[in-house]
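Chemist: Would you mind keeping the following structure in view while I ask a few things?
The values are calculated or read from the model by the stated rules, or taken from the named source; none is laboratory data. In this text the structure is predicted, and so the values were computed from the model without any measurement. All Cβ positions, even for glycine, are placed from backbone atoms using ideal geometry, and neighbour counts span all protein chains on display.
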Amino acid sequence: MIDAIDVERYLRFDRSNWAELRAQTPLTLHEKDLEALRGINDRIDLEEVVAIYLPLTRLLNLYVSATQNLHRVAATFLGTISPKMPYVIGIAGSVAVGKSTSARILQALLTRWPEHPRVELITTDGFLYPNAVLESRGIMNRKGFPESYDTKRLVQFLREIKAGMPDVSAPVYSHVEYDIVKGDSQVVHQPDILIVEGLNVLQVGSDAMEFVSDYFDFSIYIDAVESDIENWYIERFLALRKTIFNDPASFFTHFAHLTDEQAIEVARGIWREINGKNLSDNIAPTRARASLVMQKDANHRVTEVHLRKL
């Protein structure tokens, strides 16, 4: 939950009040579309899209238009041609909180607005150091912590995006191999909107001159009670044991044949020693920097939305 001191900086909406802000925004997704966008063990349905994501995409569309107008005004003042400036949205939150699904749904909905048809999505997983580097530095067990990311490379990527470069490449990460894919890249071509999804994208606790969030026009933090997130992580671990962990190429094949009891014990240990610590020490403290916070209940439903006051 948002700390009491932060409430003064946010407008608070319960689910029904937020849903009313949809106005006449049409639902452009169908159930088949949503099936392709759901993450493992995610229960999101079309009602959630209507109540939460349609108002959000309406708000973002207004923000994007206002930002584009501001750039045109500045160009007019300077007597120059207004450059194409991508609008960058950051999505932060814990492991297993539903960031990836939210990012894909936003991408799908925003792409359907005629004003900005090119909406790209990247995850910061691609900017993790390769396993060989993590092992050489003795931080393999801190994968996902701030020090495990090549933050300078991520900042450079965003700098080039904001500069309007025609083709900007990002590394690709394989969740099957649990490592960066050598020789592969995702090329981003001058998007109207870029969505950047990752654990620590709002963090500023370093000696760097620039931060990832410096390049965000809008940021979203997805929040929930930690005990609920831990349960979702365990549920996802059990689901992966029956799917990706069974892939012979998987880094985690040794987990595939665990019993339910063993798998739950392993998942709780990983949460306790890695993901839970990362959440409390590095991720949750960035929540108050977000433009908007989505608060979920134990059923993954967003119950409150907190929008930072202008």
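Chemist: I need a count of the residues in the stretch 243-270 that are more than 21 Å from Val176 (Cβ to Cβ) and either in contact with a Cys (Cβ under 7 Å, 6 or more places away or on another chain) or touching a residue at least 12 places away in the same chain (Cβ under 8 Å) (or both).
Modeler: So the answer is 3.
Chemist: Keeping to the stretch 40-62, report how many residues are among the hydroxyl-bearing types (Ser, Thr, Tyr) and modelled with pLDDT under 95.
Modeler: 0
Chemist: If you don't mind, another one. Out of Val133, Val88, report the one residue that is buried (at least 16 other Cβ atoms within 10 Å of the Cβ) and at pLDDT 90 or above. If you could, list the steps in order and put the result at the bottom.
Modeler: Details: Val133 fails: buried (at least 16 other Cβ atoms within 10 Å of the Cβ).
Exactly one residue qualifies, and that residue is Val88.
Chemist: On to the next question. For the list (1) closer than 30 Å to His71 by Cβ; (2) touching a Phe, Trp or Tyr at 6+ places or on another chain (Cβ under 8 Å), I need the number of the one condition that Leu121 fails.
Modeler: (2)
Chemist: Still on this structure, I have one more. Looking at Ser280, Ser291, which is the one that is surrounded by 16 or more Cβ atoms within 10 Å (Cβ to Cβ) and not hydrophobic (A, V, I, L, M, F, W, C)?
Modeler: Criteria check complete, one pass: Ser291.
Chemist: Is there a residue being closer than 20 Å to Tyr129 by Cβ, surrounded by fewer than 19 Cβ atoms within 10 Å (Cβ to Cβ), among the acidic types (Asp, Glu) and modelled with pLDDT under 95 anywhere in the stretch 178-190?
Modeler: no
Chemist: Now for a separate question. Search the stretch 40-85 for residues being hydrophobic (A, V, I, L, M, F, W, C) and touching a Pro at 6+ places or on another chain (Cβ under 9 Å), and hand back the single one that is surrounded by the fewest Cβ atoms within 10 Å (Cβ to Cβ).
Modeler: At the first step, the residues of the stretch 40-85 found to be hydrophobic (A, V, I, L, M, F, W, C) are 40, 44, 46, 49-52, 54, 56, 59-60, 62, 64, 66, 70, 73-75, 77-78, 81, 85.
Keeping just the survivors that are touching a Pro at 6+ places or on another chain (Cβ under 9 Å) gives 54, 75.
Working: Leu54: 21, Ala75: 13.
Top of the filtered list is Ala75.
Chemist: Another question about this same structure. Of all residues in the stretch 125-142, which are touching a residue at least 24 places away in the same chain (Cβ under 8 Å) and farther than 17 Å from Gly183 by Cα?
Modeler: Hits for the stretch 125-142 are Asn141, Arg142.
Per-residue answers, yes or no, for (1) surrounded by fewer than 20 Cβ atoms within 10 Å (Cβ to Cβ); (2) over 18 Å from Asp125 (Cβ atoms); (3) touching a strand residue (DSSP E or B) at 6+ places or on another chain (Cβ under 6 Å):
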| site | (1), (2), (3) |
| --- | --- |
| Val155 | yes, no, no |
| Leu158 | no, no, no |
| Gly164 | yes, yes, no |
| Val176 | yes, no, no |
| Leu194 | no, no, yes |
| Val212 | no, no, no |
| Ser227 | yes, yes, no |
| Asn231 | yes, yes, no |
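Chemist: Could you tell me whether Ala288 is among the aliphatic types (A, V, I, L, M) and within 21 Å of Tyr215 (Cβ to Cβ)?
Modeler: Yes: the conditions hold for Ala288.
Chemist: From Ala74, Ala92, which residue is in contact with a Ser or Thr (Cβ under 8 Å, 6 or more places away or on another chain) and more than 26 Å from Asp167 (Cβ to Cβ)?
Modeler: So the residue among Ala74, Ala92 that is in contact with a Ser or Thr (Cβ under 8 Å, 6 or more places away or on another chain) and more than 26 Å from Asp167 (Cβ to Cβ) is Ala92.
Chemist: For the stretch 137-154, give me each residue that is outside any helix (DSSP H, G or I) and not small (Gly, Ala, Ser).
Modeler: Going residue by residue through the stretch 137-154, those that are outside any helix (DSSP H, G or I) are 137-139, 143-145, 149-150.
Arg137, Ile139, Lys143, Phe145, Tyr149, Asp150 - these are the residues of the stretch 137-154 that are outside any helix (DSSP H, G or I) and not small (Gly, Ala, Ser).
Chemist: Something else: Could you check, for the stretch 46-66, whether at least one of its residues is under 30 Å from Val176 (Cα atoms), free of Cβ contacts under 8 Å to residues at least 12 places away in the same chain and out of contact with any Ser or Thr (no Cβ under 7 Å at 6 or more places or on another chain)?
Modeler: Checked against the condition, which is being under 30 Å from Val176 (Cα atoms), free of Cβ contacts under 8 Å to residues at least 12 places away in the same chain and out of contact with any Ser or Thr (no Cβ under 7 Å at 6 or more places or on another chain), the stretch 46-66 yields no hits at all.
Chemist: Against the condition crowded, with 20+ Cβ neighbours inside 10 Å, over 25 Å from Ile89 (Cβ atoms) and of a type in the set (D, E, K, R), how does Arg241 come out, does it pass?
Modeler: Judged against the criteria, Arg241 is a match.
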